[in-house]
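So the structure is just underneath, and the comments pick up after that.
The values are calculated or read from the model by the stated rules, or taken from the named source; none is laboratory data. The model shown is predicted, which means the values in this text are computed figures rather than measured ones. Cβ atoms come from the backbone with ideal geometry, glycine included; neighbour counts cover every protein chain shown. These area figures cover heavy atoms from the full protein model, side chains too; ligands, DNA and RNA do not enter into them. Shrake-Rupley method; radii C 1.70, N 1.55, O 1.52, S 1.80 Å.
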Amino acid sequence: MDPKEVEIPGNSDPNQPGGRISHLALDIGGSLIKLVYFSTNYDVDDEVGRSGKKSFGVSNGNRDHPVLKGRLYFVKFETSKINDCLEFIQNKQLHLGGYRHLEAPPIDKTIIKATGGGAYKYADLFKEKLGISLDKEDEMDCLVGGVNFLLKAVHQEAFTYMDGQKEFVQIDHNDLYPYLLVNIGSGVSMLKVDGDGKFERVSGTNVGGGTFWGLGRLLTNCKNFDELLELSHRGNNRVIDMLVGDIYGGTDYSKIGLSSTTIASSFGKAISDNKELQDYRPEDLARSLLRMISNNIGQISYLNALQFGLKRIFFGGFFIRGHTYTMDTISVAVHFWSKGEAKAMFLRHEGFLGALGAFRSYDKHGADDSLVHQLMQPFPTTSCLAGDKICSPPNGELNENESIECSVYAS
Amino acid sequence: MATPTEDPVLEIDGIKGEEEETVENNKPIDKVVGVAGEESGQGERDMALSAGSLIHRSGSRPQLDLSKAAIQGNFEERNPTILLPNQSDDIFHLALDIGGSLIKLVYFSRHEDQASNDMRKKTVKERLGISNGNRRSYPILGGRLHFVKFETSKINDCLDFIYSKQLHHGMDSHWHSELPADDNAVIKATGGGAYKYADLFKERLGVSLDKEDEMNCLVAGANFLLKAIRHEAFTHVEGQKEFVQIDHNELFPYLLVNIGSGVSMIKVDGDGKFQRVSGTNVGGGTYWGLGKLLTKCKSFDELLELSQRGDNRTIDMLVGDIYGGMDYSKIGLSASTIASSFGKAISENKELEDYRPEDISLSLLRMISYNIGQISYLNAIRFGIKRIFFGGFFIRGHAYTMDTISFAVHFWSKGEMQAMFLRHEGFLGALGAFMSYEKHGLDVLMAHQLVERFPMGAPYTGGKIHGPPLGDLNEKISWMEKFVQKGTEITAPVPMAPPGTTGLGGFEVPLSKGGILRSDASALNVGVLHLVPSLEVFPLLADLKMYEPNTIDLSDHNELEYWFTVLSEHLLDLVDKAVASEGGTDDAKRRGDAFARAFSAHLARLLEEPAAYGKLGLANLLELREECLREFQFVDAYRSIKQRENEASLAVLPDLLMELDSMSEEIRLLTLIEGVLAANIFDWGARACVDLYHKGTIIEIYRMSRNKMQRPWRVDDFDVFKERMLGSGDKKPAPHRRALLFVDNAGADVVLGMLPLARELLRRGTEVVLVANSLPALNDVTAMELPDIVAEAAKHCDILRRAAEAGGLLVDAMINTLDGCKENSCLVPLMVVENGCGSPCIDLRQVSSDLAAAAKDADLIILEGMGRALHTNFNAQFKCDALKLAMVKNQRLAEKLINGNIYDCVCRYEPAS
């Protein structure tokens, strides 16, 4: 397969006329709002792109439609700053690019695909501020749709991360299913995915990104998630965690395979220390917290994969954020509990799975702007995508942090 | 009653001389140790052990040896802790589990059992075929297991405790024969601290810690508890505890989740067969550690207590918060499901100080409990295990913790699995370390050989007995007085709320805090485990598995309240009797007051949390009262009353016997049964009867009662019984070989009711064994008192005399007829055995080995009286014919049980099943 030319089959409606040039989908979570939108510099282009031709050959051969070339943009806002988000949409006029109901007057019946709990919670706000209706897409559907899309469409979307080494993994489409998808948002959902649209939420945990951030805020007075992650990077968890060595006086408990540096009890040392919260460095607190939560998620994920006989575990969601330490601890946990048999895999576009899925869902509804995404230059398109971190400015402010060049069939 | 000190009769020189070993009592301790060791090692000669085989419920000893006890500390401190006097326990064996947060101690105090060298008993034993030769010898020493906890950070308190009780010097040579006992004492220890604090123990106490593997200990402890202690495990769902009896054969495999600072998950396949399959670093240490940082709580218990009043919704992000109050029902999440623990702290502009510590504590507790439940479930399913036992200090009998874990397991397993908890959670490791001593023999202990006692203080400390030991009885009483005085100021470690006021016995129960999930209400008490190797299961029970002694289930709250009221109202009268039985001295009055307080406290505690002492039936409650009396050295509160009634009854016995002898066989049998039922009216435990006593002499009451006898009785199987006895028409059935008569009250009940019935059976050629209490309970006749009563009755009746002689009952009374005994040995004997109980009821799973032996040839059981035939055993099925006789002296019981009225009679006959 040509990595540069990927077509997503079965998602176009050939009978619809050409549409708008920008398309917006939202994932409004408990902590973050994720936006995915498509924007093109070109008008409707009848000429099929260089890759398009090829992909036609691969696909059903029914393509005879104009192609929009442009970019998919990925943007995040903190949910608490939803007004910034509304402003952003307003400024960019993104809401005008949404799917319009055929029978309704276009102006006041703009409908935007949205998912996440906030799609319900903030529906009225969107209506009021932007005059748009949020069309609620099922969160899990969107998640899985997003991942399936990414894993199939984007070359080198998945990677493992061990000991600071990032290794991209190309997964054969035919061997993709079943897999476990662990989406770490505020909470954690674990989905067993058996195919496109075929999945089941098998587990989850309430100890997730929200816990990290929430507890972290209380413990360190950090102002935002990224600051907390930064802190954890510089911390030493041994200060607060009770290690096996602390209990056994420095010796391993090797009989059951625990080394002296294994964490026996997260925050366990705080019990016996005569210290107050202020006496601990925020860095160390953040580090312990991160390790606790990553380790826990890794463990529960592994156990679920084991229960259902799943070989691959993909981790996504805003908690990961390409943060190396988070990925590292999750990887270590999966490695530890599986005795090296399972590997944690991560997605480059973690965090945007739901929004991407919502974006894709425009297709399913016989929309006038039915889209086919032809990813032209998935990696690396922008400078933002090049690093370990997928462009996440430390202050976490509004950012247009990445984009993927792609083509869209506007049939 | 098993010890000479209790009963002067036993101190007659001639008897004492019979077997020299009794002298051991007076030997220095180390000598005793040596002897005990030798015997135990050989497992053959079992003088000391056979002494133990004479029933001995050590907790029931009325005489306290207070030499070991001491008192320390002052009562003004905020957390006074008590230690119970160890009475005459001499030899200590200590094992430790030093964890990251808590130190758990298990120590064993051997109880010096003495042979009660009673010739009568010896003869009975010979007659029953029980002799030292063919009795199995017990590899176990009788004694008590104590459970104590300290915070690891207060390890010095722990060292002081060990030192003050001299526990470290108790390692007797027979458990450690290769080591000199003095300066090289070795104590079994487990837990990480066994390594860390080894030097400290060496330095402070001069003892070496022998490190035992932690997992080994955990598993050994859990296996021991699950096998040896009845109803050790329980489920906890929505605040409701349900005790579970697990069949030993179906015990394995199970998942043992030990929640200490961290969490270990162990798959257990059998004794010593296990594997640590998983664990998590998010455990008790995380709760406490994070909780301490976030709330500034000073102790784990304080943190737990905070959680009681918390509302986690202020800080957790619920599914409803995300979905705007709607469920996400598509994936089975309700709006109140926690989506993200502490997730709300993200979006609100609040600082740590803006949150209530209560909410933080609850949120933290739920996060960790839920997580542990989930990971446990995932591991159980991985190995196809159905049962998960949760233990470790994190649980602490804390309702919310258990509920959350149970919920998680139930939720994830879709109801397929159950989370179970252990009453002795927290002590698994220490118990296991204890088990690792060689030759203690505990591994062969069976549930029927263990009796759990809840001594004074249990209601206050919630079973967490630690701190300075209480000294003698005097100091114990002082403590009671102080406690009551300062009640609300003193906060025992558990329960966590200060006592409030209740009408119950004028004592106090914790303040109600609303809601059903209260930690203090659910904290389970851990009593002292009394090891009584001589107890056995009554062999004639038709189905041990189905057997439940209690007829009244006190888990029904109305029932519970009713009986608590009955007991509370009766308390005053009981105290009067008890004080009077000791001559009404000031000392007796003081002890009486202390007893009333202590028992009221037990009642209050149990009313608050019926499961606090384990599965609670009426029998347990009645026994607790007797134990409590004995704890305050009331040997026999009804002694003089019993004596008086015996004399009065014996005086009219000859006339009764003459009257009976003039009747035809058929009428006589009916009259005899009527007599038993009529005489059963005497019961100092029944309020209605206490009132009766004020109206006339016992003989008058008895006559009145007999005159009122009118068939059919409320339950009337007499005709069936008669047919079995006398046959119908020409058919004459063979008489029973041997009958066991479980007697009830002293006085008319036994003398004018049961003795004549026994005489009739003897006359028909049936051997009769009178089964009576080992220790006094109310006005019940004891096995110790019976021979004298029989001897007195025998003076006027040849049948009784010959049978008593044949049964060896008259050895003392008529020494000069000893030779005659031999001649008469072909005659049908009348014997007396003790039942192993000190309670008005009887749990047939735990009876004396003598009774078990006597039961072997028995083909008829007669249970008499409310306690033994109604409160307990009413529904019991036996392998042989059984007759249950009682007069119901309680309106409510009459209504409930037989749909009748007070003074109705029960004559229930069930042929062998």
Exercise. With solvent modelled as a 1.4 Å probe, how much accessible area in total do chains B and A shield from it at their shared surface, in Å² to the nearest 100?
Worked result: 5300
Exercise. When Cβ neighbours within 10 Å are restricted to other protein chains, what is their mean count per residue of peptide B:351-357?
Worked result: 2
Problem set entry | Cα-only radius of gyration and Dmax that characterise the range B:180-282, units Å | 17.1, 54
For this session: Order these peptides, B:594-600, B:307-313, B:93-99, by their mean beta-carbon neighbour count within 10 angstrom, highest first.
Result: B:93-99, B:594-600, B:307-313
Problem set entry | More than 28 Å apart - percent of Cα-Cα pairs taken over the range B:640-910 | 28
Exercise. Distance in nm between label sites at B:Lys386 and B:Gln240, each 7 Å beyond Cα in the beta-carbon direction?
Worked result: 2.1
For this session: Measure out, as a whole number of angstrom, how far apart the alpha-carbon centroids of the range B:523-575 and the range B:696-767 sit.
Result: 28
Seminar exercise, completed: Rounded to a whole number, the mean other protein chain Cβ count within 10 angstrom for residues of B:768-781 is 0
For this session: Would you tally the net charge around B:Asn680, using a Cβ to Cβ cut-off of less than 9 Å, leaving B:Asn680 out, and scoring K and R as +1, D and E as -1?
Result: -3
For this session: Evaluate peptide B:286-299: per residue, the Cβ atoms of other protein chains within 10 Å of its Cβ; return the mean as an integer.
Result: 6
Problem set entry | Sequence of B:Ser913, A:Ser31 from largest to smallest accessible area, 1.4 Å probe | B:Ser913, A:Ser31
For this session: Could you let me know the centre-to-centre spacing of the range B:262-313 and the range A:183-214, using Cα atoms, in angstrom?
Result: 24
For this session: Place the peptides B:866-877, B:642-653 in order of packing, highest mean first, counting for every residue the other Cβ atoms within 10 Å and averaging per peptide.
Result: B:866-877, B:642-653
Exercise. Using the Cβ atoms and a cut-off under 14 Å, what net charge is assigned to the surroundings of B:Ile381, where Lys and Arg are +1 and Asp and Glu are -1?
Worked result: +4
For this session: Mind ranking B:699-705, A:214-220 by how tightly packed they are, going by the mean number of other C-beta atoms within 10 angstrom, highest first?
Result: A:214-220, B:699-705
Exercise. Where the accessible area of the range B:640-910 is counted over protein heavy atoms with a 1.4 Å probe, how much of it, in %, is carbon and sulfur?
Worked result: 49
Problem set entry | Solution diffusion estimate, µm²/s, Stokes-Einstein, the range B:653-788, Kirkwood Rh from C-alpha pairs, 37 °C, viscosity 0.692 mPa s | 206
For this session: Beyond 30 Å between alpha-carbons counts as too far, so tell me which of A:Lys223/B:Lys298; B:Lys149/B:Lys350; B:Lys227/B:Lys298 fall in that bin.
Result: B:Lys149/B:Lys350; B:Lys227/B:Lys298
For this session: At most 10 other Cβ atoms within 10 Å and a DSSP loop assignment: could you name the trypsin sites (Lys or Arg not before Pro) in the range B:342-445 that fit?
Result: B:Lys414
Exercise. When only C-alpha pairs under 8 Å and at least 6 residues apart count, what is the relative contact order of the range B:640-910, in percent?
Worked result: 23
Exercise. For B:Val282, what accessible area in Å² do you get when you roll a 1.4 Å probe over the heavy atoms of the protein chains, rounding to the nearest 10?
Worked result: 10
